[in-house]
Amino acid sequence: MTSQIEAYDILLGAALIGAAWKALFGREAFSATIFFVVYGMLMAMAWVQLGAIDVALAEASIGAGLTGALLIGAIRQFEPDDEVHSPTGKTQAMAVAGVLASAVLLGLLTSIFHTADSRSPVPSLVEGNLANAGSSHPVTAVLLNFRGFDTWLELGVLLLASVAAISIHLIYDPKEIPARIPSVQEQPGIVARTMFPILILVGGVLLWFGSWAPGGAFQAGSLIGASGILLQIGGERSMLRLSAFGLRVVLALGFSTFLVIAILTALTGGRILEFPPALAGSLILVLELAATLSIALTLNVIYACSHPWGAK
Amino acid sequence: VTLNHLGSLFGFYGAVGCVLVSIGIFSLAIHTHIYRRILAWNALGSGVFLILGAFAKRNAENGNSDPLPQALVITGIVVSVSATALALAIARRIQYLREEDEP
């Protein structure tokens, strides 16, 4: 049976909806953005309540942290627009939208509560096959083994996103990203250089933990990616030579490692990405290492490319 | 709709997810600025993720939440941040062209 809620959950749920409301309907665009970051952190706390520590880690670092950094970086350019600070003033349009949104709410609630007593066979299937999965942590086993296909395609989406971000960047600023940008203050640079080794270390620990506890490629990749973005904020961008061959190899590393292993598993008689139990642990580790590097660099490239410098 | 489901973690966070989806749709419909629409899309998406999380809790066995929705959501979070970054890059490009045209 599912467990019951406590007062803490009610407070958290109210805070989530309140923060979302301020983020979506707040008058001023900058404070709305700040509320959106707060909303992301509260969301990570909700994931802890739902027993999903892996998701909480991903949500805190990517959903709140990185999305926040992207949004705060972009908002300055939009702030002069009047439109960004207020919704359309038409009462009729708001009424129609309100009716539509309420209908969606009612429909969703009805259908979700309707399924309250059904169960999925997946958890016991995962539990039963965990010994052959190469990872004793169910979420890692699903991500890298049982549903490895999803993760493969997801790395493909990341690769596409980085290619698109680089292309858009090159269209309106064909120069290389400068290796160093003199920062207005020196504190961000000092913090970034102090935190960098610690974040890399914690990222490595998270990656290693992923084989039996919450953690894994996504959390490690986003943490290592965050350390790079801190360096970027501090003015250091020498790792982002977009034309460099090495950078492009690392961007494609996660996707192509999956591709190679998919071909190998198909050639050796199995189905695509069907790992032999004896090798599963090592294959997962190789895939996770490649994915971590690709995710960390992709996040840095799309962050750098959405921040035009020089171009005004 | 029977409201007694709201007392369970599944029902409560599922309902919070539904509310987030619907205010996301409302915000998407009433705002005309692209930046506000990107915010609304993100809130809508995380509402969907939370509903998936509620299902993970519903399917929990021996206190362990269902790993399948969790894996889907982790994948989804990474995809949505790259989509957001791409949307922002396009939005800034639009803004840049508009500012070039104006004077």
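Coordinate-derived values only; no laboratory data. Everything numeric here is computed off the predicted structure, so don't read it as measured data. Heads up, the Cβs are rebuilt from the backbone with ideal geometry, glycines too, and the neighbour counts pull from every protein chain shown.
Structure above, values below:
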item: Kirkwood estimate for segment A:1-87, i.e. one over the average of 1/r between Cα atoms, Å; result: 13.9 Å
item: In Å, descending, principal axis extents of the Cα set of segment A:43-173; result: 58, 46, 25
item: Reference-scaled alpha-carbon Rg (2.2 N^0.38 Å with N residues) for segment B:63-103; result: 2.00
item: P(r) of chain A over all Cα-Cα pairs, binned every 10 Å from zero, in whole percent; result: 5, 20, 28, 26, 16, 4, 0
item: Largest to smallest principal axis extent of the C-alpha atoms in segment A:185-312, angstrom; result: 58, 32, 18
item: Kirkwood Rh and Cα Rg combined as Rg/Rh, chain B; result: 1.15
item: Helix runs (DSSP H) in chain B reaching 20 Å along axis by Cα, Kyte-Doolittle at least 1.6; result: B:9-30
item: Lys/Arg +1, Asp/Glu -1 at C-beta; segment B:53-103 dipole; positive extreme among B:VAL78, B:TYR96, B:ALA54; result: B:ALA54
item: Label-point separation in nm, A:ILE263 to A:LEU11, each point 7 Å along Cα→Cβ; result: 5.6 nm
item: Calculated log₁₀ intensity ratio I(q)/I(0) where the Debye formula runs over C-alpha points of segment A:117-270, q = 0.15, 0.17 Å⁻¹; result: -0.98, -1.14
item: DSSP H segments from chain A that extend 20 Å or more along their own axis, Cα-based, with Kyte-Doolittle mean of -0.5 or above; result: A:7-25, A:29-49, A:91-114, A:148-172, A:187-209, A:217-233, A:245-267, A:277-305
item: Fraction of alpha-carbon pairs over 13 Å apart in segment A:47-94 - percent; result: 70 percent
item: For A:99-106, mean number of other protein chain Cβ atoms within 10 Å; result: 5
item: Peptide-level mean, for A:13-20, of C-beta atoms on other protein chains within 10 Å; result: 5
item: Per-residue Cβ neighbour rank within 10 angstrom, fewest leading, B:TRP41, A:TRP212; result: A:TRP212, B:TRP41
item: Sorted by Cβ density within 10 Å, fewest first, the residues B:GLU102, A:GLU127, A:GLU79; result: B:GLU102, A:GLU79, A:GLU127
